[in-house]
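Sharing a structure, written as structure tokens. Questions coming.
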Amino acid sequence: MTTPTPGPTAAPTLATVALVTLGCARNEVDSEELAGRLEAGGFVLVDDPADAETVVVNTCGFVEAAKKDSVDTLLAAADLKGDGRTQAVVAVGCLAERYGEELATSLPEADAVLGFDDYPDIAGRLRSILAGEVHHPHTPKDRRLLLPISPVDRDATDLSVPGHGLDVAATTDIGLGAPATGPRAVRRRLDGGPMAPLKLASGCDRRCSFCAIPSFRGSFVSRRPSDVIAEARWLGEQGVKELFLVSENSTSYGKDLGDLRLLETLLPELAAVEGVERVRVSYLQPAETRPGLVTAITSTPAVADYFDLSFQHASATVLRRMRRFGDPESFLGLLAQIRSQAPLAGVRSNFIVGFPGETEQDLETLCDFLVEARLDAAGIFGYSDEDGTEAEGYTAKLDEDEIRERLEHVTNLVDELTSQRAEERIGERVDVLVESLDGDTAEGRGAHQGPEVDGSTTLQNLPDGLVVGDLIAATVIGSDGVDLIAQPMIQPVIQPDGGAR
């Protein structure tokens, strides 16, 4: 009797997963680290949540509106489970880390709530959830207590710090292309555009009375320059033309590595990365913005003359209650210093109105400052209590109607002022990174325009052969609110290799 020869064993079907990212650019980096880990762990990434067996929502927990958006997104993903394809919905990110078991109890539609400590084995966590195992969410803790108070004594090697992951034992092709025997940052791009965020650091040591971020993001931890540069090189190889440096506080970069001026020396190295045409720094604390850093940004070729300054208010009294520093004179002095070195520099900021104890005079001080500051973009937020913050316990709170009225007043003023600032740029040269093409027009951003929040530039009368990712010199011919309309100059398009066509 002949024993039949067994046929080939069918390859196991890989589980599919979709990542939905909410919130800031820092979350985008975290999602791409999760995507890299999941792909390395045997999952297939899909774009449409409806096509995925598991939907992972990277939530935002910053303010009330962001929390609501996160919950609504989780509920929408949970609705997909009725269609048969989606089997599990998982919450990760800041809201999940901040509330843990409380979120899991209040949102039973989510099959699991995972914290930052789950990130290193995210693939294993998802496989167990798909197998029907119950994941017990964490009890939130103040992550600032996980590291020493002194920055130079901090060693986050044994902590899970989102966006800092190094998989020393990685042997897959996912990652930065380092040898299999060396450290490899696990990251998988989810957006193929010509701009990519690059994380400098995580966490924050400031104790702003309105902000809960340090409690769930932890103390400030810088990434080592070698890791940042290695990831920048990998991004350059992936076709990225603009590096958007992100953190909770970029002006603190290097303080835990023993060199507070490390960013000044890192910028030229990042600007020299092959394939990269522009480097942009985000989130600078005005009180910590050193003259040397201003000079490094304005004098380093390929670093955008762009200053994302977190003013938050202008009244010295309100700022003290916020546990911040500054006043109109010091802020305007910083802006004068910047513009003396780079007259066309872009400046953006965020402001909170209706903070507890804010008087009419404080509001007038803020409005006067906004008129003088000539900002290119500004985000205006009405104050709301945040769980666990010092300001939550403040007295002299304004009622919601008053906050809403002040918010509307300042927002209208800012809309008018930023529109005027855009009009002032008519006739100026802007170097536009092309991000999309639509017929005979292109959309992109000038050096003074950060991703998502600062407006964009529409290019008309395009030269032949223009493609997404080109950096093209143009002249501003019009404006619409904060957005610009520009026409390419006669000079040739700049190529990634420095050549021209």
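The values are calculated or read from the model by the stated rules, or taken from the named source; none is laboratory data. These figures come from a predicted structure and were not determined experimentally. Ideal geometry is used to build each Cβ from the backbone, glycine not excepted, and the neighbour counts take in all protein chains shown. Note: areas computed on protein heavy atoms with side chains; ligands, DNA, RNA excluded. Shrake-Rupley method; radii C 1.70, N 1.55, O 1.52, S 1.80 Å.
Only one of Asp362, Asp440 is modelled with pLDDT of 95 or more and open to solvent by 10 Å² or more (accessible area, probe 1.4 Å). Can you tell me which? Steps first, answer last, please.
Working: Asp440 fails: modelled with pLDDT of 95 or more.
Exactly one residue qualifies, and that residue is Asp362.
Oh, and also: Return the residues of the stretch 188-210 that are farther than 27 Å from Phe325 by Cβ, among the small types (Gly, Ala, Ser) and over 14 Å from the mean Cα position of the chain (by Cα); say none if nothing qualifies.
Start the filter on the stretch 188-210 by keeping residues that are farther than 27 Å from Phe325 by Cβ, which leaves 188-198.
Those left that are additionally among the small types (Gly, Ala, Ser): 192-193, 196.
Across the stretch 188-210, the qualifying residues are Gly192, Gly193.
Could you check, for the stretch 340-361, whether at least one of its residues is over 27 Å from Thr395 (Cβ atoms), in a helix (DSSP H, G or I) and touching a residue at least 12 places away in the same chain (Cβ under 8 Å)? Explain how you work it out, then say what you get.
First, pick out the residues of the stretch 340-361 that are over 27 Å from Thr395 (Cβ atoms): 340-349.
This time we only want the ones that are in a helix (DSSP H, G or I), so: 340-341.
Still in the list and also touching a residue at least 12 places away in the same chain (Cβ under 8 Å): 341.
Yes - at least one qualifying residue is present in the stretch 340-361.
Could you grab the pairs with beta carbons closer than 8 Å, sequence gap of 6+ or different chains, first residue in the stretch 211-223 and on the phi > 0 side of the Ramachandran plot, second one assigned to a helix (DSSP H, G or I)?
From the stretch 211-223, the pairs are Gly218/Arg143; Gly218/Arg144; Gly218/Leu146.
Considering only residues that are open to solvent by 20 Å² or more (accessible area, probe 1.4 Å) and touching a residue at least 40 places away in the same chain (Cβ under 8 Å), look in the stretch 67-87 and name the one that is nearest to Ala212 (Cα to Cα).
Residue satisfying both the conditions and the ranking: Asp69.
Continuing with the same structure: Going residue by residue through the stretch 397-414, is there one that turns out to be closer than 18 Å to Ala316 by Cβ and open to solvent by 20 Å² or more (accessible area, probe 1.4 Å)?
No.
Same structure, new question: Could you run through the stretch 396-419 and say how many residues are among the polar types (S, T, N, Q), out of contact with any Ser or Thr (no Cβ under 9 Å at 6 or more places or on another chain) and in contact (Cβ under 8 Å) with a residue 12 or more places away in the chain?
Applying the first criterion (among the polar types (S, T, N, Q)) to the stretch 396-419 yields 411-412, 418-419.
Restricting the remaining residues to those that are out of contact with any Ser or Thr (no Cβ under 9 Å at 6 or more places or on another chain) gives 411-412, 418.
Then keep just the ones that are in contact (Cβ under 8 Å) with a residue 12 or more places away in the chain; that gives 411, 418.
Matching residues across the stretch 396-419 total 2.
From the set of residues in the stretch 467-485 that are over 12 Å from Ala422 (Cα atoms) and in contact with a strand residue (DSSP E or B) (Cβ under 6 Å, 6 or more places away or on another chain), which is most open to solvent (accessible area, probe 1.4 Å)?
Per the criteria, the residue is Val468.
Answer yes or no: is there a residue in the stretch 302-315 that is part of a helix (DSSP H, G or I) and open to solvent by less than 10 Å² (accessible area, probe 1.4 Å). I'd like the intermediate steps shown before the answer.
So in the stretch 302-315, the residues part of a helix (DSSP H, G or I) come out as none.
No.
Quick one: in the stretch 142-198, of everything that is part of a loop (DSSP other than H, G, I, E, B) and of a type in the set (Asp, Glu), which residue is modelled with the highest pLDDT? Can you show your working first?
Taking the stretch 142-198 first, the residues part of a loop (DSSP other than H, G, I, E, B) are 142, 147-150, 154-165, 167-184, 186-194.
This time we only want the ones that are of a type in the set (Asp, Glu), so: 142, 155, 158, 167, 173, 191.
Working: Asp142: 89, Asp155: 83, Asp158: 79, Asp167: 44, Asp173: 41, Asp191: 86.
In this case the residue turns out to be Asp142.
Let me ask you something else. What is the residue count in the stretch 255-288 for residues that are outside any helix (DSSP H, G or I), within 21 Å of the chain's Cα centre (by Cα) and under 24 Å from Ile149 (Cβ atoms)?
Number satisfying all stated conditions: 3.
Matching residues to (1) open to solvent by 20 Å² or more (accessible area, probe 1.4 Å); (2) without any contact (Cβ under 8 Å) to a residue 24 or more places away in the chain; (3) more than 16 Å from Leu95 (Cα to Cα); (4) in a helix (DSSP H, G or I):
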position	(1), (2), (3), (4)
Glu28	yes, no, no, yes
Glu32	no, no, yes, yes
Arg37	yes, no, yes, yes
Ala50	yes, no, yes, yes
Asn58	no, no, no, no
Phe62	yes, no, no, no
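Among (1) open to solvent by 10 Å² or more (accessible area, probe 1.4 Å); (2) in contact (Cβ under 8 Å) with a residue 40 or more places away in the chain, where does Gly333 come up short?
The number of the failed condition is (2).
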